[in-house]
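Here's the structure we're looking at; comments come further down.
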Amino acid sequence: MKFRVSRDALLKPLNLVAGVVERRQTLPVLSNVLLNLDGNRLSITGTDLEVELVGRVNLEADGDAGEITVPARKLADICKSLPDGSDLEISVADSKATVRSGRSRFTLATLPAREFPNIEDSIGTHQFTLKQGQLRRLIERTGFAMAQQDVRYYLNGMYWELRAGRLRAVATDGHRLAICTFPGTLKDLDDTQVILPRKGVLELSRLMQNDDEDVTIILGSNHLRATTNEFTFTSKLVDGKFPDYERVLPRSADKVVQSSRTELRQAFTRTAILSNEKYRGVRLKLSEGSLEIVANNPEQEQAEENLPVNYSGDSLEIGFNVGYLLDVLGVLSGEEIRFSLSDPNSSALLEETDGGDSLYVVMPMRL
């Protein structure tokens, strides 16, 4: 196996693929990437047995075909350290890979390609195409609410629901819930639901770099595959039942507050400074035309903010984790937001006033 490639053409796909590879591995071959050359098409594959990413590079000239695995981080670091515009020549002989560029020469240990694991293919039952920017929006608007290392393993990921031709992403950690719906119609598709694991969601979001280019999604019984011109990404799915999120949506939230998103976010950011570092609780005191935000901490320090808001109703006092509210206000983009409440023990519903594609539910805190 032998080929020439420009550093700049190799570096981007190599960095993306190396990002999938975990630093600590039980199997030595999982620290490597698989290089496969067929004519002038070089494929670079990385996996951690849960997700797999294949990047593709078209070479200017055909090389000697073959396949081998080389250390992912070391090859990526070598490419990064070489000057812009340089060319690399990579050749394999006697279980060693040699990388030459100008006056530099590196010899890397290899492992045979046959030892490299392959995520088994499952037959895809649903296939659809959307823009990378649309998929990234679905992930960015909901991903922050995914659980981390929760014993309820089905919450450590994102729920994708295909129903009536629309795609909806849902994430929750039990304290807050995020929903974003892609309104476009995905015609002629049966309803289905899958849970994409946390790492798969984060990697997929990282790959969505060209907003206007297409990404094709194939859903199978235990795998999700995303394909663009530059890469193919495969992730195992979480085998579990996601909770009925629609039951959590507040039905009788009769106290509706409208406020400037920017002003509200700035007020929460300031009061958060003096909130309890562990519990991060803030108290919201709502009265006609006004919202008071108060934070205390064990050092007897206090922060108060008073905001004019659009509200006419009974007075209400309710506590929230300010971090959860800031997360929501950080992904919403409208000028104004609507905050719907019912009583101090019930969840709040946050959304954009101009009828956006996202809904957020935050549980209250006892303060």
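The values are calculated or read from the model by the stated rules, or taken from the named source; none is laboratory data. Just so it is clear, the structure is predicted and the values come from calculations on it, not from any experiment. Quick reminder, even Gly has a Cβ in these numbers, built from the backbone with ideal geometry, and neighbours come from all protein chains shown. Areas reflect the complete protein model, heavy atoms only, side chains present, ligands, DNA and RNA absent. Shrake-Rupley method; radii C 1.70, N 1.55, O 1.52, S 1.80 Å.
For the chain, give the percent of accessible area contributed by carbon and sulfur heavy atoms, probe 1.4 Å, rounded to a whole number. Carbon and sulfur together cover 44 percent of it. First select every other residue whose beta carbon is under 9 angstrom from the beta carbon of S315; then total the charges, Lys and Arg +1, Asp and Glu -1. Cβ neighbours under 9 Å give a net charge of -2. If you take all other residues with their beta carbon under 9 Å from the beta carbon of D48, and give Lys and Arg +1 and Asp and Glu -1, the sum is -2. Note on the stretch 1-112: along the principal axes its Cα atoms extend 35, 27, 25 Å, ordered by decreasing extent. Per residue, the chain exposes 49 Å² of solvent-accessible protein surface, assessed with a 1.4 angstrom probe and all protein chains in place. Averaging 1/r across all pairs of distinct Cα atoms in the stretch 143-185 and inverting the result yields a Kirkwood radius of 10.8 Å.
How much length would be gained if the chain were fully extended between S221 and N40, taking 0.36 nm per residue of separation minus their Cα-Cα distance, in nm to one decimal? Display every interim value, and only then the final one.
Working: separation 181, 0.36 × 181 = 65.16 nm, distance 3.41 nm.
Length difference between fully extended and current span is 61.8 nm.
Applying 0.36 nm per residue to the separation of E292 and K241 and subtracting their alpha-carbon distance, the gain on full extension is 14.4 nm. Compute the FRET efficiency between R166 and R114 as 1/(1 + (r/R0)^6), taking r as their Cβ-Cβ distance and R0 = 56 Å, and round to the nearest 0.05. The pair R166/R114 has a calculated efficiency of 0.80.
When every alpha-carbon pair in the chain is counted, what percent end up more than 32 Å apart? Of all Cα-Cα distances in the chain, 46 percent exceed 32 Å.
Put a dot 7 Å past the Cα of D314, heading toward its Cβ, do the same for Q302, and the two dots end up 2.6 nm apart.
A full extension of the chain between E335 and Q149 corresponds to an added length of 63.5 nm, given 0.36 nm per residue minus the alpha carbon distance.
From the Cα trace of the stretch 102-211, what convex hull volume per residue do you get, rounded to a whole Å³? Present the calculation step by step, with values, prior to reporting the outcome.
Working: hull volume 21.4 nm³, N = 110.
Considering the Cα atoms of the stretch 102-211, their hull volume per residue is 194 Å³.
In the calculated pair distance distribution of the stretch 206-298, what percentage of Cα-Cα distances lie above 19 Å?
On the way: 2960 of 4278 pairs.
Value for the stretch 206-298 (Cα pairs over 19 Å): 69 percent.
In this rough spin-label picture, where each label sits 7 Å from Cα along the Cβ direction, the T192-Y279 distance is 4.5 nm.
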